[in-house]
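Following: one structure in structure tokens, then a few remarks.
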Amino acid sequence: MKMHHDRGSIKWASLMLPEHVEALQHIWKENEHEQPPMIDEQQLEEHLFYIAQAYQEQLIVKISYFKNGQFKELTGKVMYWNRELQTIRLQTEQDDRESIKLKHIKQITL
């Protein structure tokens with residue numbers, strides 16, 4: 001007995017106008033985006049503690065953060081942090097500089 005292989009929504013693409021196919025692809029791409037982390041006050045204070053320690057002792061940190069719909073990781077030194085603006089500036093090992101919002105940080109590892 002042969003099982004039917006359903007190709008999902010791909011089977012309908014040949015019957016659609018190119019504009020409709022493009023709109024569907026845009027919707028699918030939006031659905032691939034992850035959601036930013038939900039950071040509570042305790043986690044924020046913990047992140048600030050690690051950032052302050054890393055800044056004072058010039059330690060290398062590994063930061064997992066949310067940017068442009070996905071999670072990214074960077075490793076480097078905290079060049080400065082602004083508690084009022086809730087951002088830090090990280091200098092990577094490749095000498096790049098990245099500004100990261102504290103509310104987008106998922107995890108910090110010293």
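The values are calculated or read from the model by the stated rules, or taken from the named source; none is laboratory data. Everything numeric here is computed off the predicted structure, so don't read it as measured data. For neighbour counting, all protein chains shown are included, and Cβ atoms are generated from backbone atoms with ideal geometry for every residue, glycine included. With ligands, DNA and RNA removed, areas are computed over all heavy atoms of the protein, side chains included. Shrake-Rupley method; radii C 1.70, N 1.55, O 1.52, S 1.80 Å.
May I ask you to verify whether Leu48 is over 16 Å from Leu110 (Cβ atoms), in contact (Cβ under 8 Å) with a residue 40 or more places away in the chain and not in a strand (DSSP E or B)? The answer is no for Leu48. The residue that is farthest from the chain's Cα centre (by Cα), among those in segment 79-108 that are within 11 Å of His47 (Cβ to Cβ) and open to solvent by less than 100 Å² (accessible area, probe 1.4 Å), is Trp81.
For segment 32-40, the criterion of a residue being open to solvent by less than 90 Å² (accessible area, probe 1.4 Å), of a type in the set (Asp, Glu), under 30 Å from Lys106 (Cα atoms) and modelled with pLDDT of 85 or more is satisfied by at least one position.
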